[in-house]
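To keep things clear, I will list the structure first and then write my remarks on it.
The values are calculated or read from the model by the stated rules, or taken from the named source; none is laboratory data. Here the structure is a predicted model, which is why all the values come from computation and not from measurement. Ideal geometry is used to build each Cβ from the backbone, glycine not excepted, and the neighbour counts take in all protein chains shown.
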Amino acid sequence: MAILWTSLAISILLRQALCRLSYTPVLPPPYPLAVRNPYLSAWLPGNEAWNLPFASAQFWNGLNLTWSVIARVDGQSYSLFGVPSLGPGVQAGVLQRADYTSTHTTFTVTAGAATFVLDFLSPVSPLNYVRQSAPFSYLIVSAAGNNGATPAVQIYSDIDNTWTGQFDEDVQVGWGYSLTNESTSAFTLTPGGTATYSEYNDTGMWGTSVYCARPNNSTLTATVGGLDAVRAQFAANGSLSGPWEWQYASVVAYSQDLGKVGESGTNVTFAIGYWRQSAVDYLGDARTAYFTATCSDPVCGCVHVLEDFAAADAEAHTFDAAIAGKAASVAGANYSDIVTLFVRQAFGATDLTISEDKLDTGDPLVFVKEISSDGNVNTIDVICPMAPGFYVLAPDYLRLLLEPIMRYLATGAWPHDYAVHDLGAAYPNATGHDNGTAEQMPVEECGNLLTLAYMYQLATGDKNWAQQYQGLFQEYADYLIVNGLYPTQQLSSDDGLGDIANQTGLAVKAAIGLNAYGVMTGQRNYSDIGKQFAKTLYDDKAGTDQNRTHFTCSQGKDDSWGMMYNFYPDVLLNLNTFPASAYAMQSSYYPTVRMPGGVPLDSLVDFGKTDWMTFAAATAVAPGVDNVGVRDMFIDDIHAYMANGINTVPFSDKFHLQDNGSFVTGQWSQYKARPLVGGHFAIMALDGPGQSGAGATKSGGNGGDESGWVQITYRRLSSYL
């Protein structure tokens, strides 16, 4: 206990120091730096931002990554980022402010007579498949003179083998350097002796890390060598010339001489990537990034993304403004802060792929890693809470995520009459569960699958996709008819409950899933059965307490209650399975069971889940309910948790709601960096799905005509700016 309170005291002092800086819109738990897929996922703990010159980037699980930026101003070297131990004569820059948007994280640092902006850009371009699937992220370093000064400036940056999943200093690494006709420099680092699809502590070990740069009215030099020696060489000379030898504790490094820099400033751009030729094993078929059809090797990838930078950056700024503006108008500034922070996290757990053998861009599939919980592939009850983000931004992703599951189920290899939980126990191995031993959530996954299928159909108007799997969907609907109203002992997505029988939430999910299937297929009898389930649960009180003040956690247990997040698809899809009075009753009940940090998931636990909280918040403003106070209560609780300054991991969707001796209110719990934060779009999604047709490009070509996506997004959101 003493250790806990000592940590809290340190945290309080740190927060007081942090308050002297500018953090816009808030200081988050972590800042996304390079977040593009499950293996290119670099972050900066929020409480390290004030100490940026010394702070290390981290993989999502907390492993430190070497990635530094050093500036030389009029001959004096300053660490701007990522140098835990300053070399002789090197001083630390001073952070002035830190900002984030949906795609950018920027830090403003002063050093001598210059001001620098470090801009970390991870594009989110879901309808430009080339740009979205490119396994690269950008770092843009801008420099400007202060107060009329025109200092001489050189910029240095390096990375090492930690980006290859190898964290020992003395390791087997193959390095390469290329200088293309387009003046693009590209370093590659490839570990030796690792197997395809192998991991070390969730980092990929079978790919190639790549770091690239291109001069921009600057003089570029590069080298490979021992970290201390290479940094000292830059500090002394402002350039690099050797030794071009991988040694103990080595780095690959660039220097860019910008010359004299005025107040208008200048900038240089780096691109960092993690290239996996074979990205996912799907039932024995190696899948590669969609981007591979455009570039077949990482050096080509460097050239492409640097040529595409201006267009990608312009699109990102438009996208950022539109997302922040709409979220603010829908539910206020706090909601905007929440949605804005988590766009990269939601998309950063996915891989948009094509067959490595055929490179058929007409057959894209998306795979998602259940990061930090168990590493499963395309878990259906992970796709479900992610879905509102895709519904708003790119509804076709719902099909691209579900298609791999449906193809597997259509083979008949899954031996049960209910939907599979996931496609594989360990990402990136989407090899199925032919032995039938996957995690058993039969009602949960059948209900999710039917609802998601209809969500996709409603959002896109595509009725053909569901039709080709009609037999499977009907089988799962029939399963719900027999097993959905009074579920036997089993797990649900609320797995903190354990495997218990008669979960009201599962019965609600079954009712809505049946109605969704009936509407989707035009079979009214299934909708009627779903609505009868709802009548039994609500009107006949099978799922409520006898005074009908709330829905129970377990049927027949009046003193239990649960967060009815499963209502949300009924509202979003306008299914009317339950009457508005049911939503109103439950929404009014939530404030009565709120703990200091928010409303728990159910009566048995003292933790909250931010995705389900947002589902409940959206349900509270359903037509005929309009409980804005409860909606805002949930939003404010999530925002307070997000911005409380005591958490440093990539955002955890699960957190403690009261002090209990081991944890404090607002402390994260168990999970981190999970893509379920797509559920934070649930309130925005009530305005309707994205317009994924209407001229938006999906292939992108050489950077793509991104104007389709930008214009569609802007048309959809511009009225809120």
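Could you check segment 602-621 and list, in sequence order, the residues that are surrounded by 24 or more Cβ atoms within 10 Å (Cβ to Cβ) and among the hydrophobic types (A, V, I, L, M, F, W, C)?
Taking segment 602-621 as the starting set, the residues that turn out to be surrounded by 24 or more Cβ atoms within 10 Å (Cβ to Cβ) are 608-620.
Matches in segment 602-621: W612, M613, F615, A616, A617, A618, A620.
Inspect all residues belonging to segment 397-418 and state whether any of them is in contact with a strand residue (DSSP E or B) (Cβ under 9 Å, 6 or more places away or on another chain), assigned to a loop (DSSP other than H, G, I, E, B) and at pLDDT 95 or above.
Checking segment 397-418: not a single residue is in contact with a strand residue (DSSP E or B) (Cβ under 9 Å, 6 or more places away or on another chain), assigned to a loop (DSSP other than H, G, I, E, B) and at pLDDT 95 or above.
Among (1) charged (D, E, K, R); (2) closer than 30 Å to K463 by Cα; (3) touching a Lys or Arg at 6+ places or on another chain (Cβ under 7 Å), where does K541 come up short?
Here K541 clears every test but (2).
Under 7 Å between Cβ atoms, at least 6 apart or on separate chains: pull out the pairs that start in segment 192-203 with a residue that is assigned by TED's automatic domain parsing to the domain that holds T162 and end on any residue that is among the aromatic types (F, W, Y) and at pLDDT 90 or above.
Close Cβ pairs (under 7 Å, with a partner that is among the aromatic types (F, W, Y) and at pLDDT 90 or above) amount to T194/W206; A195/W206; T196/W206; Y197/W206; S198/W206; T203/Y39; T203/F59.
Scan segment 225-241 and tell me whether some residue there is outside the structural domain of Y427 (by TED's automatic domain parsing), over 22 Å from Y78 (Cβ atoms) and not in a helix (DSSP H, G or I).
Looking for residues that are outside the structural domain of Y427 (by TED's automatic domain parsing), over 22 Å from Y78 (Cβ atoms) and not in a helix (DSSP H, G or I), one finds none in segment 225-241, hence no.
Of the residues N267, N217, which single one is modelled with pLDDT under 95, under 28 Å from A113 (Cα atoms) and not in a helix (DSSP H, G or I)?
Residue meeting the stated conditions: N217.
Tell me which residues, restricted to segment 208-255, are among the aromatic types (F, W, Y), out of contact with any Cys (no Cβ under 9 Å at 6 or more places or on another chain) and closer than 29 Å to Y197 by Cα.
Result: W246, Y248.
I want to confirm something. Restricting to segment 234-264 and keeping residues that are among the aromatic types (F, W, Y) and surrounded by 14 or more Cβ atoms within 10 Å (Cβ to Cβ), which single residue is modelled with the lowest pLDDT?
Keep residues of segment 234-264 that are among the aromatic types (F, W, Y), which gives 234, 244, 246, 248, 254.
Filter once more, so that each one left must be surrounded by 14 or more Cβ atoms within 10 Å (Cβ to Cβ): 234, 246, 254.
Numbers: F234: 98, W246: 92, Y254: 98.
Of everything passing the filter in segment 234-264, W246 is modelled with the lowest pLDDT.
Suppose we keep only residues that are in a strand (DSSP E or B) and not aromatic (F, W, Y) within segment 48-68. Which one would you say is surrounded by the fewest Cβ atoms within 10 Å (Cβ to Cβ)?
Taking the candidates together, the pick is N64.
For V343, work out the one condition from (1) farther than 30 Å from G325 by Cα; (2) part of a helix (DSSP H, G or I); (3) not assigned by TED's automatic domain parsing to the domain that holds G513 it doesn't fulfil.
Status for V343: all satisfied but (1).
Take I383 and tell me if it is assigned to a loop (DSSP other than H, G, I, E, B) and either buried (at least 19 other Cβ atoms within 10 Å of the Cβ) or not aliphatic (A, V, I, L, M) (or both). Before you say what the answer is, go through the steps one by one.
On the way: assigned to a loop (DSSP other than H, G, I, E, B): no; either buried (at least 19 other Cβ atoms within 10 Å of the Cβ) or not aliphatic (A, V, I, L, M) (or both): yes.
When the stated conditions are applied, I383 does not pass them.
Can you tell me which residues in segment 627-661 are surrounded by 24 or more Cβ atoms within 10 Å (Cβ to Cβ), in a loop (DSSP other than H, G, I, E, B) and charged (D, E, K, R)?
Across segment 627-661, the qualifying residue is only D653.
Determine if segment 662-669 includes at least one residue that is without any contact (Cβ under 8 Å) to a residue 12 or more places away in the chain and assigned to a loop (DSSP other than H, G, I, E, B).
Yes, segment 662-669 contains at least one residue that is without any contact (Cβ under 8 Å) to a residue 12 or more places away in the chain and assigned to a loop (DSSP other than H, G, I, E, B).
Only residues that are more than 29 Å from V377 (Cα to Cα) and either without any contact (Cβ under 8 Å) to a residue 12 or more places away in the chain or aliphatic (A, V, I, L, M) (or both): list them for segment 29-50, please.
Hit for segment 29-50 is A49, nothing else.
With closer than 19 Å to A289 by Cβ and either out of contact with any strand residue (DSSP E or B) (no Cβ under 9 Å at 6 or more places or on another chain) or in the same structural domain as S68 (by TED's automatic domain parsing) (or both) as the only criterion, which of V141, V130, V153, V173 stands out?
Of V141, V130, V153, V173, the one residue that is closer than 19 Å to A289 by Cβ and either out of contact with any strand residue (DSSP E or B) (no Cβ under 9 Å at 6 or more places or on another chain) or in the same structural domain as S68 (by TED's automatic domain parsing) (or both) is V130.
How do the strands (runs of 3 or more DSSP E) wholly within segment 79-123 filter down when requiring 1 or more residues that are touching a Phe, Trp or Tyr at 6+ places or on another chain (Cβ under 6 Å), of a type in the set (V, I, T) and within 14 Å of L52 (Cβ to Cβ): which remain? Spell out the reasoning first.
Values: elements: 94-100, 104-111, 114-121.
Filter on segment 79-123 gives 104-111.
Which number in (1) touching a helix residue (DSSP H, G or I) at 6+ places or on another chain (Cβ under 8 Å); (2) crowded, with 24+ Cβ neighbours inside 10 Å marks the one condition that Q490 misses?
(2)
State which residue is surrounded by the fewest Cβ atoms within 10 Å (Cβ to Cβ) when the search covers only segment 321-358 and only residues that are within 22 Å of V130 (Cα to Cα) and of a type in the set (S, T, Y).
S355
What are the residues in segment 551-582 that are free of Cβ contacts under 8 Å to residues at least 40 places away in the same chain and touching a Ser or Thr at 6+ places or on another chain (Cβ under 8 Å), if any?
Correct list: D558 only.
What is the one condition in (1) assigned to a strand (DSSP E or B); (2) among the hydrophobic types (A, V, I, L, M, F, W, C); (3) out of contact with any Cys (no Cβ under 9 Å at 6 or more places or on another chain) that F187 does not satisfy?
(3) is the only condition that F187 fails.
Can you tell me how many residues within segment 108-130 are surrounded by fewer than 23 Cβ atoms within 10 Å (Cβ to Cβ) and aromatic (F, W, Y)?
0
Mind checking whether some residue in segment 194-216 is touching a strand residue (DSSP E or B) at 6+ places or on another chain (Cβ under 8 Å) and farther than 28 Å from Q277 by Cβ?
Looking through segment 194-216, at least one residue is touching a strand residue (DSSP E or B) at 6+ places or on another chain (Cβ under 8 Å) and farther than 28 Å from Q277 by Cβ.
Look through segment 539-570, keep the residues that are of a type in the set (S, T, Y) and under 24 Å from A685 (Cβ atoms), and return whichever of them is surrounded by the fewest Cβ atoms within 10 Å (Cβ to Cβ).
Taking segment 539-570 as the starting set, the residues that turn out to be of a type in the set (S, T, Y) are 544, 549, 552, 554, 560, 565, 568.
Next, only the ones that are under 24 Å from A685 (Cβ atoms) stay: 565, 568.
On the way: Y565: 27, Y568: 29.
Only one residue tops the list, namely Y565.
Within segment 131-150, does at least one residue satisfy the condition of being basic (K, R), crowded, with 18+ Cβ neighbours inside 10 Å and on the phi < 0 side of the Ramachandran plot?
Yes, because at least one residue in segment 131-150 is basic (K, R), crowded, with 18+ Cβ neighbours inside 10 Å and on the phi < 0 side of the Ramachandran plot.
Just give me the residues in segment 455-474 being assigned to a helix (DSSP H, G or I), more than 24 Å from the chain's Cα centre (by Cα) and of a type outside the set (S, T, N, Q), in sequence order.
Once the filter is applied, which keeps residues that are assigned to a helix (DSSP H, G or I), more than 24 Å from the chain's Cα centre (by Cα) and of a type outside the set (S, T, N, Q), segment 455-474 yields L458, W465, A466, G471, L472, F473.
Pick from Q490, Q503, Q468: which is over 22 Å from L601 (Cα atoms) and either touching a residue at least 60 places away in the same chain (Cβ under 8 Å) or not β-branched (V, I, T) (or both)?
Every option except Q468 fails the conditions.
Considering only residues that are basic (K, R) and within 19 Å of the chain's Cα centre (by Cα), which ones fall in segment 17-75? Before the answer, list the steps.
Narrowing segment 17-75 to residues basic (K, R): 20, 36, 72.
Scanning segment 17-75 gives a single hit, R36.
Test of understanding: among V153, V130, V141, V173, which residue is out of contact with any His (no Cβ under 6 Å at 6 or more places or on another chain) and farther than 25 Å from D228 by Cβ?
Working: V153 fails: farther than 25 Å from D228 by Cβ; V141 fails: farther than 25 Å from D228 by Cβ; V173 fails: farther than 25 Å from D228 by Cβ.
The match here is V130.
For residues that are assigned to a helix (DSSP H, G or I) and among the hydroxyl-bearing types (S, T, Y), scanning just segment 270-305, find the one that is farthest from R407 (Cα to Cα).
Among residues in segment 270-305 that are assigned to a helix (DSSP H, G or I) and among the hydroxyl-bearing types (S, T, Y), the one farthest from R407 (Cα to Cα) is T292.
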